[in-house]
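Quick one: the structure is below, and I'll ask about it shortly.
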Amino acid sequence: MIPARSIPALLALALITVSLGPVRLQAEGIHLPITARAEASVTWAENIARASSPANWIDTLRQEARFTATNLTPIATGLSLITGINAGYETVPRYVINTAYTAGASAQIRYKFGLGAYTPVLSAEGTFSRREARIDGATGWLATGALRLSQRFTPSWRASLTGDWSQHYAAHAPFDVRHHRLLGTVTYDLNSTWQLTYGRGSLWGDFTANAAGNIWARALSGGLGAPIQQYYNTVAYETTNSYAPGWVSYRVTGRSDFWWLELSPALGRNTSLPLRYESTFTVNRVGVKYRQDLWTAGILHRF
């Protein structure tokens, strides 16, 4: 496994390689429609463990870094194929067992219904990634698919509607989750520097939650009610020590409603500083509730 201290150096090397590549090719008279982006973020996560009991709520920092490179290939008028590769790193410094690395590939078919900036665009995308996690059971393969319709209405206003599906083929059952989502976004360019985005959506399917050992024992024994006892004795779980010794990770089914608001000032022609707040409220099959609030500051650079 790659040491965490090596990640910044590897990311910097990737950025240098990608940024110098187009310069060298242009000097040789060769042009490739390759674009790349790198992003890093720090999130203050309230209830990062997605625990239902307030006694188990943990507020702490999460760090992420991601790199993506894509290639655009025109197929016909209005029709394009976009292929890409990506790599990512995430960690919770206070609970480093939750560190994970991802790498994968994607393909997207995009169709523009006409000419001009104000015609709708429909895209279908699929990705397949490998996830390596320090929690052995969370290691596995991740497959996703998405269908997105986007439209620009004015120079300042645009919106999109997305339906997607995700399946994590994890090594252990508590992390082997499948769900689908429906979400929409509206973006407004306040001026040439500031951009505001609002999004809202819902998720249906499986998710992984966590609980301290004593809370989990009460749930299985009936101390939290008969419906919870009956359901929780049928779900997949294991002791992972995810946030403290004896903590349990378990898989349940339910629905999540989420919304976010993001303000993104431009720091330069290709660099921005997205500032985002996201709130998620989840209810599982027997009415147990989970809430998470995320405050994120990031930096995004496009090449």
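Give me the residue from region 162-188 that is touching a helix residue (DSSP H, G or I) at 6+ places or on another chain (Cβ under 7 Å) and small (Gly, Ala, Ser) and, out of that set, farthest from residue 251 (Cα to Cα).
Selected residue: 171.
The conditions are (1) at pLDDT 95 or above; (2) within 23 Å of residue 168 (Cβ to Cβ), and residue 136 fails exactly one of them. Which is it?
Every listed condition holds for residue 136 apart from (1).
Also, I was wondering about something else. So for region 165-185 (the condition being of a type in the set (S, T, N, Q), outside any strand (DSSP E or B) and surrounded by 13 or more Cβ atoms within 10 Å (Cβ to Cβ)), does at least one residue qualify?
Checked region 165-185: no residue is of a type in the set (S, T, N, Q), outside any strand (DSSP E or B) and surrounded by 13 or more Cβ atoms within 10 Å (Cβ to Cβ).
Filter region 243-263 for residues that are of a type in the set (S, T, N, Q) and buried (at least 19 other Cβ atoms within 10 Å of the Cβ) and give the result. Don't jump to the end; show me each part of the working.
Of region 243-263, the ones of a type in the set (S, T, N, Q) are 249, 253, 256.
Within region 243-263, 249, 256 qualify.
Scan region 277-295 and give yes if some residue there is crowded, with 18+ Cβ neighbours inside 10 Å, in contact with a Leu (Cβ under 8 Å, 6 or more places away or on another chain) and over 18 Å from residue 53 (Cα atoms), otherwise no.
There is no residue in region 277-295 that is crowded, with 18+ Cβ neighbours inside 10 Å, in contact with a Leu (Cβ under 8 Å, 6 or more places away or on another chain) and over 18 Å from residue 53 (Cα atoms).
Condition (residue is touching a strand residue (DSSP E or B) at 6+ places or on another chain (Cβ under 7 Å), closer than 26 Å to residue 94 by Cα and part of a strand (DSSP E or B)) applied to region 210-224: is it met by at least one residue?
Yes - at least one qualifying residue is present in region 210-224.
Testing residue 264 on (1) farther than 26 Å from residue 148 by Cβ; (2) part of a strand (DSSP E or B); (3) not basic (Lys, Arg), one condition comes back false. Which one is that?
Of (1) farther than 26 Å from residue 148 by Cβ; (2) part of a strand (DSSP E or B); (3) not basic (Lys, Arg), only one is false for residue 264: (1).
Further question: Please pick out the residue among 197, 208 that is at pLDDT 95 or above and in contact with an Asp or Glu (Cβ under 8 Å, 6 or more places away or on another chain).
Only one candidate passes the filter, namely 197.
If the requirement is being crowded, with 16+ Cβ neighbours inside 10 Å, within 30 Å of residue 251 (Cα to Cα), charged (D, E, K, R) and at pLDDT 95 or above, which of these qualifies: 94, 62?
Answer to the selection: 62.
Identify, from the list 117, 159, 100, the residue that is in contact with a helix residue (DSSP H, G or I) (Cβ under 9 Å, 6 or more places away or on another chain) and either at pLDDT below 95 or surrounded by 15 or more Cβ atoms within 10 Å (Cβ to Cβ) (or both).
Working: 117 fails: in contact with a helix residue (DSSP H, G or I) (Cβ under 9 Å, 6 or more places away or on another chain); 159 fails: in contact with a helix residue (DSSP H, G or I) (Cβ under 9 Å, 6 or more places away or on another chain).
100 is the lone residue from the list that is in contact with a helix residue (DSSP H, G or I) (Cβ under 9 Å, 6 or more places away or on another chain) and either at pLDDT below 95 or surrounded by 15 or more Cβ atoms within 10 Å (Cβ to Cβ) (or both).
A follow-up question, please. Any residue in region 157-170 that is within 27 Å of residue 131 (Cα to Cα) sitting within a Cβ distance under 6 Å of a residue that is among the basic types (Lys, Arg) and not in a strand (DSSP E or B)? List the pairs, counting only those 6 or more apart or interchain.
Here the result reads none, with nothing in region 157-170 linked to a residue that is among the basic types (Lys, Arg) and not in a strand (DSSP E or B).
The values are calculated or read from the model by the stated rules, or taken from the named source; none is laboratory data. Only a predicted model underlies this, so the values are computations on that prediction, with no experimental measurement involved. Positions of Cβ are generated from backbone atoms using ideal geometry, with glycine treated the same way; all protein chains shown enter the neighbour counts.
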